[in-house]
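Undergrad: Mind having a look at this structure? Questions to follow.
The values are calculated or read from the model by the stated rules, or taken from the named source; none is laboratory data. Because the structure is a prediction, the values reported are computed rather than measured. Cβ coordinates were reconstructed from backbone atoms using ideal geometry, including for glycine residues, and neighbour counts include every protein chain displayed.
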Amino acid sequence: MKFLISVVTLLALVFLSSCHKAANAPQANLSTENVTRRNNVAAQLPPVITSFTPDSVDARVIVEIRGADFSPVKTENLILFNGIQAPNIISASDTLLRVFTPPGAITGRLTVTVAGQTAVSATDFIVPPPVIFSFGPFSGHVGDTITIFGFRFSGIPAQNKVVFSGDAVASVIVSTSTLLKVTVPVGAVSGEITVIEGTEKATSKTDFTVLVN
């Protein structure tokens with residue numbers, strides 16, 4: 001009987017020892033595994049612009065932007081011509097983007113943004129000077145609205161500077177690549193109207209008459 005009790009006691013001790021070892025065995029470190037897995041996924045490198053051609057065009061002309069670390073998915077590349085988005089990307093690869101020059105683009109740097117990281121061109125993309133065809137009405141009081149017709153204007157109102165004779169700068173209300181709506185500014189006198197886009201400008205061929213009563 002004593003022998004049987006001793007055997008049972010010994011088996012119980014062995015079982016308890018096994019349970020203790022299992023409880024203290026190292027557990028899988030899920031956090032470490034996740035970190036390792038993430039580190040094995042290549043991070044998105046910032047894009048780089050090495051060149052673009054042509055370097056001077058009008059709207060709707062195809063521009064090729066060369067570089068590195070662009071996205072081959074067209075919609076993942078945000079391309080701006082001096083702040084004006086190019087919505088029509090023709091094709092995309094890691095090293096080459098082909099896009100149409102957006103309407104209203106003006107002279108300035110090109111940028112390409114991928115996954116929140118932006119590349120800026122080393123040189124300006126040149127857009128030829130704006131042109132004024134006409135405007136109307138041909139006369140008005142300070143505060144009146146006039147419309148200027150032409151092309152190569154910026155689609156962003158703040159990027160168009162409209163100056164009346166007397167060095168009076170007008171407020172631009174509406175702008176497209178072919179039309180500007182402005183208010184006749186205080187200090188304007190009768191004379192030409194000038195539209196300035198970046199470093200380029202156009203001057204009207206006829207005078208605007210400022211009415212005083």
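Undergrad: Taking the criterion of being over 30 Å from Val61 (Cβ atoms) and surrounded by fewer than 15 Cβ atoms within 10 Å (Cβ to Cβ), would at least one residue in segment 177-188 satisfy it?
TA: Taking every residue of segment 177-188 in turn, at least one turns out to be over 30 Å from Val61 (Cβ atoms) and surrounded by fewer than 15 Cβ atoms within 10 Å (Cβ to Cβ).
Undergrad: Which one of Thr107, Thr101, Thr118 is on the phi < 0 side of the Ramachandran plot, outside the structural domain of Ser154 (by TED's automatic domain parsing) and modelled with pLDDT of 90 or more?
TA: Details: Thr107 fails: modelled with pLDDT of 90 or more; Thr101 fails: modelled with pLDDT of 90 or more.
From the options Thr107, Thr101, Thr118, the qualifying one is Thr118.
Undergrad: Return the pair list, or none, for Cβ contacts closer than 8 Å from residues in segment 105-127 that are part of a loop (DSSP other than H, G, I, E, B) to residues that are surrounded by fewer than 20 Cβ atoms within 10 Å (Cβ to Cβ) and among the acidic types (Asp, Glu), at least 6 apart or on different chains.
TA: Within 8 Å, the pairs are Ile106/Glu200; Thr107/Asp124; Thr107/Glu200; Ala115/Glu76; Val127/Asp58; Val127/Glu200.
Undergrad: Also, I was wondering about something else. Considering only residues that are of a type in the set (Asp, Glu) and under 25 Å from Thr209 (Cα atoms), which ones fall in segment 121-163? Can you show your working first?
TA: We begin by selecting, within segment 121-163, every residue of a type in the set (Asp, Glu); these are 124, 144.
Passing the criteria: only Asp144.
Undergrad: Would you confirm whether or not segment 144-165 contains a residue that is exposed (fewer than 13 other Cβ atoms within 10 Å of the Cβ) and without any contact (Cβ under 8 Å) to a residue 12 or more places away in the chain? Even if it seems obvious, please write down each step before you answer.
TA: First pass over segment 144-165, keeping only residues exposed (fewer than 13 other Cβ atoms within 10 Å of the Cβ): 158.
The next check asks that each one be without any contact (Cβ under 8 Å) to a residue 12 or more places away in the chain; those that pass are none.
The answer is no; no qualifying residue exists.
Undergrad: Is there a residue in segment 143-154 that is under 16 Å from the mean Cα position of the chain (by Cα) and either under 30 Å from Ala68 (Cα atoms) or at pLDDT below 95 (or both)?
TA: There is at least one residue in segment 143-154 that is under 16 Å from the mean Cα position of the chain (by Cα) and either under 30 Å from Ala68 (Cα atoms) or at pLDDT below 95 (or both).
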